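Read through the structure below, which is laid out as structure tokens, and then see the notes.
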Amino acid sequence: MSIQAIEGTFTDSDGRYAIVVGRFNAFVVESLVDGAVDALKRHGVAEANIRIIRVPGAFEIPLAVKKVAEQKRDDAIIALGAVIRGGTPHFEYVSAESAKGVGQVSLDFGIPVANGILTVNSIEQAIERAGTKAGNKGAEAALSALEMVSLLKQLEG
Ligand code: INI
């Protein structure tokens, strides 16, 4: 008997995607948005099937993700933001709440929510992950969303 392997592909371009963006640290975050949109489009997703919802900061992302999930319009949600430790003691709180919140919505609603919210120590680390040395985490989150949409179709179909 052979082992059955089930995994998502990147070739299923029919899905609808919502990108929820925390505007805080916009100079980094906009590169994540560009990376995510580029990855979706290069995998065949039409612009008409992509929408972008903006909120003030990472702390607000989970609520917007929840509202989007409630609409049942999209096949996956991509959460993008940048929480940078720098000098702010706010960091731990904002980073923990945003990660926990988006994960919670994913499980509660059974919809893939890709976590592309950077949590880094410095602006330099953020820039590295937004399209320079360490790739583009927005693009990576979009690929994870594409893969999960394809996987869920197989598991549910
Ligand atoms: N929001 C971020 O997205 N990134 C941060 O680095 C950040 N810091 O450091 O404070 C941040 N704070 C704002 C927060 O997300 C909320 O918008 C704010 O607290 C109002 O609710």
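I need a count of the residues in segment 103-119 that are within 16 Å of the chain's Cα centre (by Cα) and either surrounded by fewer than 16 Cβ atoms within 10 Å (Cβ to Cβ) or within 12 Å of GLY81 (Cα to Cα) (or both).
Number satisfying all stated conditions: 10.
Keeping to segment 43-59, report how many residues are aliphatic (A, V, I, L, M) and either surrounded by 19 or more Cβ atoms within 10 Å (Cβ to Cβ) or near the ligand (Cβ under 9 Å from one of its atoms) (or both).
So the answer is 4.
Of the residues in segment 36-51, how many are touching a residue at least 60 places away in the same chain (Cβ under 8 Å) and in contact with a Leu (Cβ under 9 Å, 6 or more places away or on another chain)?
Within segment 36-51, residues that are touching a residue at least 60 places away in the same chain (Cβ under 8 Å) and in contact with a Leu (Cβ under 9 Å, 6 or more places away or on another chain) number 5.
Looking only at segment 27-42, how many residues end up being within 16 Å of the ligand (Cβ to nearest atom) and farther than 19 Å from PRO62 by Cβ?
The qualifying residues number 4.
Would it be correct to say that THR119 is closer than 13 Å to ASN25 by Cα and of a type in the set (Val, Ile, Thr)?
Against the criterion (closer than 13 Å to ASN25 by Cα and of a type in the set (Val, Ile, Thr)), THR119 qualifies.
Might you check whether a residue that is in contact (Cβ under 8 Å) with a residue 24 or more places away in the chain and touching a Leu at 6+ places or on another chain (Cβ under 8 Å) occurs anywhere in segment 85-100?
No, the conditions are met nowhere in segment 85-100.
Return the only residue of ALA58, ALA141, ALA76, ALA69 being in contact with a Pro (Cβ under 9 Å, 6 or more places away or on another chain) and under 13 Å from VAL20 (Cα atoms).
Residue meeting the stated conditions: ALA76.
Being under 18 Å from VAL102 (Cβ atoms) and not in a loop (DSSP other than H, G, I, E, B) is the requirement here; does ALA48 meet it?
Against the criterion (under 18 Å from VAL102 (Cβ atoms) and not in a loop (DSSP other than H, G, I, E, B)), ALA48 does not qualify.
Each row is one residue, and each column tells you yes or no for (1) under 21 Å from LEU146 (Cα atoms); (2) not β-branched (Val, Ile, Thr).
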{"residue": "THR88", "(1), (2)": "no, no"}
{"residue": "GLU92", "(1), (2)": "no, yes"}
{"residue": "SER106", "(1), (2)": "yes, yes"}
{"residue": "GLY110", "(1), (2)": "yes, yes"}
{"residue": "ALA114", "(1), (2)": "yes, yes"}
{"residue": "THR119", "(1), (2)": "no, no"}
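Readers should treat all values here as calculations from the given coordinates under stated rules, not as data from a laboratory. Note that this is a predicted model, so its numbers are computed, not measured. Glycine also receives a Cβ, built like all others from the backbone with ideal geometry; neighbour counts cover every protein chain displayed.
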